[in-house]
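Accompanying notes for the structure given below.
Derivation of every value follows stated rules applied to the coordinates shown; laboratory data play no part. Since the structure is predicted, the reported quantities are computational estimates derived from the model, not experimental observations. Glycine gets a Cβ as well: all are built from the backbone with ideal geometry, and neighbour counts include every protein chain shown.
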Ligand SMILES: [Zn+2]
């Protein structure tokens with residue numbers, strides 16, 4: 001009897017997990033969200049697949065720090081930055097799941113969701 005109960009709980013749990021996954025997949029918007037972080041705080045989220053006209057988004061930080069992002073259909077890039085190393089600018093445009101641009105000096109991170 002005890003064994004049966006455990007089996008029932010296990011099956012119910014599996015069913016529950018599957019249901020939750022279905023629910024989240026169902027409400028997920030088409031395309032992947034790209035999130036811009038400033039010092040670990042999300043300051044902008046955008047679905048690159050739904051961008052029709054490219055535009056500029058500026059992240060301003062302390063002591064005149066400024067990162068100019070260019071958001072285009074399906075890709076995003078750091079157009080200019082006040083940081084010294086310019087690594088983020090040289091990285092060019094990113095696209096696709098899991099890609100990211102990090103500007104360490106200014107604390108700005110662009111991350112395409114997985
Ligand atoms: Zn940089």
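What is the calculated FRET efficiency for residue 97 to residue 66, with r their C-beta to C-beta distance and R₀ = 22 Å, to the nearest 0.05?
0.20
Going by average Cβ density within 10 Å per residue, which order do the peptides 54-63, 69-78, 15-24 take, highest to lowest?
Highest-to-lowest ranking by the protection proxy: 69-78, 54-63, 15-24.
On a 0 to 90 degree scale, rounded to 10, what angle separates helix 2-27 from the longest Cα axis of the chain?
30 degrees
Please compute the contact order of the chain in relative form: average sequence separation of alpha-carbon pairs under 8 Å and at least six residues apart, divided by the residue count, as a percent.
Details: 191 pairs, mean separation 24.4, N = 114.
Relative contact order for the chain comes out at 21 percent.
With the crude spin-label approximation of a point 7 Å out along Cα→Cβ, what separation in nm comes out for residue 73 versus residue 87?
It is 3.3 nm.
Suppose R0 equals 41 Å. What FRET efficiency, 1/(1 + (r/R0)^6) with r the Cβ-Cβ distance, do residue 55 and residue 19 give to the nearest 0.05?
Given R0 = 41 Å and the Cβ-Cβ separation, E is 0.55.
Based on the mean of other Cβ atoms within 10 Å per residue, sort peptides 79-85, 91-97 so the most packed one is first.
79-85, 91-97
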